[in-house]
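> Handing you a structure now.
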Amino acid sequence: MRLVECVPNFSEGENKTTIDAIAAAIEGTEGAYLLDVDPGKDTNRTVVTFVADYGVVVDAAFNAIRTAARLIDMSKHTGAHARMGATDVCPFVPVRGVTMDDCVKLANELGKRVGDELGIPVYLYEHAAKTEERRNLASIRSGEYEGLSEKLADPNWKPDYGPAEFNAKSGATVIGAREFLIAYNVNLNTRDRKLANDIALSIREGGRAKRDENGKFVRDADGTIVKVAGTLKACKAVGWYIEEYKQAQVSINLVDYHITPPHLAFDEVKRQAEQRGMRVTGSELVGLIPLEAVLDAGRHYLTLQGKSTGVPETDLIETAVKSLGLSDITPFDPKQKIIEYRVAEETVLADSTVRSFIDETSVDSPVPGGGSVAALMGSLACALGSMVANLTAGKKGYEEVDEEMKTVAAKAQMLKDAFLRAVDDDSKAFDKVMDAMRLPRKTEDDQRHREQMIEKATKEAVEVPLSVLKRCGEAVELIEVVAKKGNENSISDAGVAALALRSAAAGAELNVLINLPGLSDKSYIEKTRRETTGVCERVNGRCMAIFEHVLDCLGQS
């Protein structure tokens with residue numbers, strides 16, 4: 001799934017019927033997952049968080065905006081928070097398999113729909129902004145709803161989409177694309193808010209006011225106070241005291257975790273705290289976090305320990321949670337706090353026991369079948385490859401290949417997980433073909449729709465084993481490395497990995513070929529057939545070469 005987060009803010013924080021209707025509009029969009037609805041009475045504003053597949057996220061957002069336009073009357077709205085529309089702001093955030101450029105495209109697509117179909121003026125901001133002066137949300141929202149009529153009359157503030165006319169009921173909407181914001185608090189062994197805030201001033205990108213030797217603010221030629229930047233980029237921070245916890249925290253907003261991830265912020269707060277005679281006791285995640293950020297933290301701390309990062313995903317998460325002290329205040333549940341886990345599809349086969357998987361395969365049901373077994377073989381091959389690499393890294397006599405083996409182990413783990421996902425994906429693809437076959441065909445429209453759905457489902461049934469085959473092409477390179485440079489005491493494991501991978505590739509090829517005749521797209525069939533044969537031949541040849549090498553090393557050639 002290509003995953004996008006969307007965080008629309010609506011100008012209603014009290015009317016539960018309206019808030020529930022907006023949430024229902026999102027939940028009613030297939031492929032959208034509502035994660036959080038956070039109403040504020042004083043601000044009279046509700047922040048909604050949902051994630052959706054790239055292909056449906058615009059539909060879900062539009063459905064919510066349309067509902068808000070119908071139920072919220074801005075001419076009667078009051079609230080403490082700055083606002084200019086019924087749907088005040090609606091950013092798209094890349095989560096997985098999606099780029100910022102993709103989110104900019106989504107913002108433009110949604111903006112056009114809102115402007116054309118709902119008659120609401122739309123401004124684009126952040127990465128989607130068409131001019132530099134519109135990047136900042138505060139600049140666009142200046143004057144708020146009350147000043148919107150005058151703003152729309154100014155040619156410099158012509159909306160990016162929709163009419164340059166005041167919509168008294170709905171106001172205007174700001175749509176954009178931004179990075180994922182991680183709200184993250186670091187806990188200190190003190191109740192002193194000032195000490196926590198002193199750290200915040202030292203780390204945040206905006207920094208603190210510069211003072212001269214007399215303690216007075218230093219100003220530039222225009223009289224503006226000069227700021228000394230903090231140590232962390234893309235970081236906002238403040239210090240506060242939490243009565244509930246009986247301790248102070250450095251409260252941090254990481255506005256681009258690719259620039260400053262949580263683990264670097266944690267380490268920097270820890271360094272700053274120690275300079276002031278304090279200790280960090282742990283940290284707290286507010287809201288959700290992308291899986292990537294957690295895995296990167298796990299890799300970071302394993303690397304500091306000189307350990308291989310080529311370990312299962314669960315081990316990386318456990319390392320991150322313990323190293324960051326994420327359970328210091330309340331237990332950290334990855335299934336609830338990691339965004340991808342909140343919306344993960346059920347993986348019945350991959351999560352089953354070995355015996356139950358084999359038993360299920362053995363009965364008179366077409367799934368799991370050869371495609372799932374082929375994917376499992378690929379996963380087993382990569383697991384063995386990672387094992388050999390980890391048994392080599394850090395061992396005496398293998399110092400020259402230490403870093404290479406750690407890299408191989410990490411790559412093998414990622415491929416292992418991808419193969420595992422395909423175990424269930426293959427069975428789901430088969431089920432979709434069967435569902436399409438069962439569609440009604442009473443009328444000509446029914447028949448056309450059925451044929452289209454069968455074609456679509458069959459292509460997916462081809463693409464899953466084809467992706468398995470392509471990953472075999474990546475995996476064989478790793479198996480070659482561990483067979484030739486890995487721990488000689490595990491060379492037989494490298495040989496088994498090669499044979500398992502050969503079977504995975506051959507099995508994937510068969511599952512591609514058996515589905516191709518069910519398609520009508522001749523050019524796709526020929527292209528896929530050539531690609532499948534070529535990749536399988538290369539993988540087979542290299543796997544057999546590895547096997548022969550292993551036999552030679554064992555004195556059996």
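The values are calculated or read from the model by the stated rules, or taken from the named source; none is laboratory data. In this text, all values refer to a predicted model and were calculated from it rather than measured experimentally. Here Cβ is always computed from backbone atoms with ideal geometry, including for glycine, and neighbour counts include all displayed protein chains.
> Take the conditions surrounded by fewer than 24 Cβ atoms within 10 Å (Cβ to Cβ) and of a type outside the set (A, V, I, L, M) and apply them to Ser362. Does it pass?
For Ser362, the condition - surrounded by fewer than 24 Cβ atoms within 10 Å (Cβ to Cβ) and of a type outside the set (A, V, I, L, M) - is met.
> Among the residues of the stretch 60-88, how many are surrounded by 18 or more Cβ atoms within 10 Å (Cβ to Cβ) and of a type in the set (Asp, Glu)?
The qualifying residues number 1.
> Considering only residues that are touching a residue at least 24 places away in the same chain (Cβ under 8 Å) and in contact with a helix residue (DSSP H, G or I) (Cβ under 9 Å, 6 or more places away or on another chain), which ones fall in the stretch 201-218?
First, pick out the residues of the stretch 201-218 that are touching a residue at least 24 places away in the same chain (Cβ under 8 Å): 201-206.
The answer is Ser202, Ile203.
> Just for the stretch 320-337: of the residues that are without any contact (Cβ under 8 Å) to a residue 60 or more places away in the chain and surrounded by 14 or more Cβ atoms within 10 Å (Cβ to Cβ), which one is nearest to Val4 (Cα to Cα)? Explain how you work it out, then say what you get.
Let us first name the residues in the stretch 320-337 that are without any contact (Cβ under 8 Å) to a residue 60 or more places away in the chain, namely 320-322, 326-327, 330-337.
Keeping just the survivors that are surrounded by 14 or more Cβ atoms within 10 Å (Cβ to Cβ) gives 320-322, 326-327, 332, 334, 337.
Working: Ala320: 24, Val321: 25, Lys322: 28, Leu326: 25, Ser327: 27, Phe332: 23, Pro334: 19, Lys337: 16 Å.
Among them, the one singled out is Lys337.
> Right, next: Give the residue that is nearest to Glu109 (Cα to Cα), with candidates limited to residues of the stretch 127-138 that are of a type in the set (Gly, Ala, Ser) and surrounded by 14 or more Cβ atoms within 10 Å (Cβ to Cβ).
Looking at residues that are of a type in the set (Gly, Ala, Ser) and surrounded by 14 or more Cβ atoms within 10 Å (Cβ to Cβ), I get Ala128.
> On the basis of being on the phi > 0 side of the Ramachandran plot, outside the structural domain of Leu384 (by TED's automatic domain parsing) and either modelled with pLDDT under 95 or out of contact with any His (no Cβ under 7 Å at 6 or more places or on another chain) (or both), does Gly298 make the cut?
Against the criterion (on the phi > 0 side of the Ramachandran plot, outside the structural domain of Leu384 (by TED's automatic domain parsing) and either modelled with pLDDT under 95 or out of contact with any His (no Cβ under 7 Å at 6 or more places or on another chain) (or both)), Gly298 does not qualify.
> Would you confirm whether or not the stretch 283-301 contains a residue that is polar (S, T, N, Q), surrounded by fewer than 17 Cβ atoms within 10 Å (Cβ to Cβ) and either farther than 24 Å from Glu244 by Cβ or touching a residue at least 40 places away in the same chain (Cβ under 8 Å) (or both)? Lay out the reasoning, then the answer.
The first filter runs over the stretch 283-301 and keeps only residues polar (S, T, N, Q), leaving 283.
Restricting the remaining residues to those that are surrounded by fewer than 17 Cβ atoms within 10 Å (Cβ to Cβ) gives none.
The answer is no; no qualifying residue exists.
> On to the next question. Please tell me if Asp42 is out of contact with any Gly (no Cβ under 7 Å at 6 or more places or on another chain), in a loop (DSSP other than H, G, I, E, B) and charged (D, E, K, R).
Values: out of contact with any Gly (no Cβ under 7 Å at 6 or more places or on another chain): yes; in a loop (DSSP other than H, G, I, E, B): yes; charged (D, E, K, R): yes.
Judged against the criteria, Asp42 is a match.
> Now for a different question. Checking Ala172 against (1) free of Cβ contacts under 8 Å to residues at least 40 places away in the same chain; (2) in contact with a helix residue (DSSP H, G or I) (Cβ under 8 Å, 6 or more places away or on another chain); (3) within 27 Å of Cys103 (Cα to Cα), only one condition comes out false. Which one?
Condition not satisfied by Ala172: (1).
> Tally time: how many residues in the stretch 115-152 are assigned to a helix (DSSP H, G or I) and within 16 Å of Val7 (Cα to Cα)?
1
> Tell me which residues, restricted to the stretch 81-114, are closer than 15 Å to Ala64 by Cα, part of a strand (DSSP E or B) and not polar (S, T, N, Q).
Gly85, Asp88, Val89, Cys90, Pro91, Phe92
Condition check ((1) of a type in the set (A, V, I, L, M); (2) at positive phi; (3) touching an Asp or Glu at 6+ places or on another chain (Cβ under 8 Å)) across all residues:
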residue	(1), (2), (3)
Ala209	yes, no, no
Phe217	no, no, no
Asp222	no, no, no
Leu232	yes, no, yes
Cys235	no, no, yes
Val250	yes, no, no
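> Being hydroxyl-bearing (Ser, Thr, Tyr), closer than 24 Å to Met414 by Cβ and either outside any helix (DSSP H, G or I) or touching a residue at least 60 places away in the same chain (Cβ under 8 Å) (or both) is the requirement here; does Thr532 meet it?
yes
> Turning to a different aspect of this structure: Are any of the residues in the stretch 381-389 more than 15 Å from Val311 (Cβ to Cβ) and within 30 Å of the chain's Cα centre (by Cα)?
yes
> Could I ask something else about it? Could you list, in sequence order, all residues of the stretch 1-20 that are part of a strand (DSSP E or B) and either modelled with pLDDT under 90 or out of contact with any Phe, Trp or Tyr (no Cβ under 8 Å at 6 or more places or on another chain) (or both)?
Hits for the stretch 1-20 are Asn9, Phe10.
> Further question on the same structure: I need a count of the residues in the stretch 21-39 that are touching a residue at least 24 places away in the same chain (Cβ under 8 Å), assigned to a strand (DSSP E or B) and surrounded by fewer than 22 Cβ atoms within 10 Å (Cβ to Cβ).
So the count comes out to 4.
> What are the residue pairs meeting all of these: first residue in the stretch 176-193, first residue free of Cβ contacts under 8 Å to residues at least 60 places away in the same chain, second residue part of a loop (DSSP other than H, G, I, E, B), Cβ atoms under 7 Å, and 6 or more apart or on different chains?
Matching pairs, first to second residue: Arg191/Lys246.
> Okay, moving on. Scan the stretch 207-231 residue by residue and report those that are under 29 Å from Glu179 (Cβ atoms), in a strand (DSSP E or B) and not β-branched (Val, Ile, Thr).
Once the filter is applied, which keeps residues that are under 29 Å from Glu179 (Cβ atoms), in a strand (DSSP E or B) and not β-branched (Val, Ile, Thr), the stretch 207-231 yields Arg208, Ala209, Lys227.
> Restricting attention to the stretch 232-251, which residues are in contact (Cβ under 8 Å) with a residue 24 or more places away in the chain and either not assigned by TED's automatic domain parsing to the domain that holds Val280 or not in a loop (DSSP other than H, G, I, E, B) (or both)?
If the condition is that a residue be in contact (Cβ under 8 Å) with a residue 24 or more places away in the chain and either not assigned by TED's automatic domain parsing to the domain that holds Val280 or not in a loop (DSSP other than H, G, I, E, B) (or both), then Cys235, Lys236, Ala237, Val238, Gly239, Trp240, Tyr241, Gln247, Ala248, Gln249, Val250, Ser251 are the ones that fit.
> On to the next question. Tell me, which residue of the stretch 445-460 that is in contact with a helix residue (DSSP H, G or I) (Cβ under 8 Å, 6 or more places away or on another chain) and in contact (Cβ under 8 Å) with a residue 60 or more places away in the chain is surrounded by the most Cβ atoms within 10 Å (Cβ to Cβ)?
Thr458
> Scanning the stretch 45-59 for residues that are in contact (Cβ under 8 Å) with a residue 40 or more places away in the chain, touching a helix residue (DSSP H, G or I) at 6+ places or on another chain (Cβ under 8 Å) and in a strand (DSSP E or B), which turns out surrounded by the most Cβ atoms within 10 Å (Cβ to Cβ)?
Step one: filter the stretch 45-59 for residues in contact (Cβ under 8 Å) with a residue 40 or more places away in the chain, giving 45, 47-55, 57-58.
Imposing the further condition that a residue be touching a helix residue (DSSP H, G or I) at 6+ places or on another chain (Cβ under 8 Å) reduces the set to 48, 50-52, 54, 57-58.
Next cut, in a strand (DSSP E or B) only: 48, 50-52.
On the way: Val48: 25, Phe50: 24, Val51: 25, Ala52: 27.
Ranking the qualifying residues of the stretch 45-59, first place goes to Ala52.
> Of the numbered conditions (1) charged (D, E, K, R); (2) crowded, with 16+ Cβ neighbours inside 10 Å; (3) assigned to a loop (DSSP other than H, G, I, E, B), Lys442 fails exactly one; give the number of that condition.
(2)
> Sticking with this structure for a sec: Do you know which residues across the stretch 338-385 are among the hydroxyl-bearing types (Ser, Thr, Tyr) and either assigned to a helix (DSSP H, G or I) or in contact (Cβ under 8 Å) with a residue 24 or more places away in the chain (or both)?
Of all residues in the stretch 338-385, those among the hydroxyl-bearing types (Ser, Thr, Tyr) come to 341, 347, 352-353, 356, 361-362, 365, 372, 379.
Answer for the stretch 338-385, where residues must be among the hydroxyl-bearing types (Ser, Thr, Tyr) and either assigned to a helix (DSSP H, G or I) or in contact (Cβ under 8 Å) with a residue 24 or more places away in the chain (or both): Tyr341, Thr347, Ser356, Thr361, Ser362, Ser372, Ser379.
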